[in-house]
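The values are calculated or read from the model by the stated rules, or taken from the named source; none is laboratory data. Since we're looking at a predicted model, the values are computed, not measured. Cβ placement follows ideal geometry from the backbone for every residue including glycine, while neighbour counts extend to all protein chains displayed. With ligands, DNA and RNA removed, areas are computed over all heavy atoms of the protein, side chains included. Shrake-Rupley method; radii C 1.70, N 1.55, O 1.52, S 1.80 Å.
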Amino acid sequence: MPDIDSLPPGSFCWPELATTDQKSAVAFYKDLFGWTVNEQPIGPTETYSMFQVRGREAAAAYTMRPEELQHGVPPHWNSYVAVTSADEAAKKAQELGGTVLAPPFDVMDVGRMAVLQDPTGAVFQVWQPKKHSGARVVGEPGTLTWTELATNDTKKAEQFYTKLFGWKSKVGNDVGMEYTEFSVNGAPGAGMMDTKHLGPNSNMPPNWTPYFQVKDVDASAAKAKELGAKLFVPPSDIPKVGRFAVVQDPQGAVFAIFKPADRVQ
């Protein structure tokens, strides 16, 4: 499946793990997804772990900052959306009722970013690429395949994101509950559900979760458990869509694994 060098503005372009134990987390994901790692120095003692599939960047991990920990932020996956201007996106997000948690700043010569929070409370990043465009491989095991928002106000979130990124939304009930699909340039790439459908986790604050493609959801879920992870949602079928599971890694970050349904010829 395709190697890519850039993704269109409005696309989720980069999943990034913020963790409390970078060495252990890197070992976990290497074992689970078969990722190779390219460690990039980002300071006197710190590194940015670039996860690769066939030598092409797929995701990354870094150690959480002390200020994040002081605010009680748990380990999590950051979800970056490609934009033509981080400054314009941050300004527009604020106008639409969002909050700028970190104003636009340059990340050396690789890009410019901002950390934003939608009006319902979910946090995401915008990325204006320079030297680094984001994920350079998609559509195969070990790569980002979907990004999903769980929120307690789907109408407010839908208005915010469609106006901010120009996403087109489509609401359906094909998966047994109301589910919103967001498309960029006609290509579906993200989804949204109400947190009330999360059962025992329905009081979870609004958040974005990355889905990584795997060859076999059951085998990957079993392997994740062997490696010390917990299953939030055991392997489950989504009729005509595929099979998925939701996993919490040993440090506490939540992500999902997914295998698309075989297409009927």
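So which residues in segment 243-265 are out of contact with any helix residue (DSSP H, G or I) (no Cβ under 8 Å at 6 or more places or on another chain) and crowded, with 18+ Cβ neighbours inside 10 Å? Correct list: Val246, Val254, Phe255, Ala256. Residues that are assigned to a helix (DSSP H, G or I) and touching a strand residue (DSSP E or B) at 6+ places or on another chain (Cβ under 6 Å) were ranked within segment 207-224; the one that is farthest from Gly34 (Cα to Cα) is Asp218. Is it the case, given these coordinates, that Lys215 is farther than 25 Å from Val81 by Cα and either open to solvent by 30 Å² or more (accessible area, probe 1.4 Å) or within 15 Å of the chain's Cα centre (by Cα) (or both)? When the stated conditions are applied, Lys215 passes them.
Residues of segment 60-107 that are touching a helix residue (DSSP H, G or I) at 6+ places or on another chain (Cβ under 8 Å) and either among the aliphatic types (A, V, I, L, M) or modelled with pLDDT under 95 (or both): Ala61, Val81, Val83, Ala89, Ala93, Leu96, Val100. Here Gly98, Gly134 are screened, and the one residue that is among the small types (Gly, Ala, Ser), open to solvent by less than 30 Å² (accessible area, probe 1.4 Å) and on the phi > 0 side of the Ramachandran plot is Gly134. Taking every residue in segment 183-204 that is in contact (Cβ under 8 Å) with a residue 24 or more places away in the chain and pairing it with any residue that is charged (D, E, K, R) and open to solvent by less than 50 Å² (accessible area, probe 1.4 Å), at least 6 positions away or on another chain, the pairs with Cβ-Cβ distances below 8 Å are Ala190/Glu148; Gly191/Glu148; Met192/Glu148; Met192/Glu158; Met193/Glu148. Only residues that are within 17 Å of the chain's Cα centre (by Cα), within 19 Å of His132 (Cβ to Cβ) and outside any strand (DSSP E or B) were counted in segment 27-59, giving 1.
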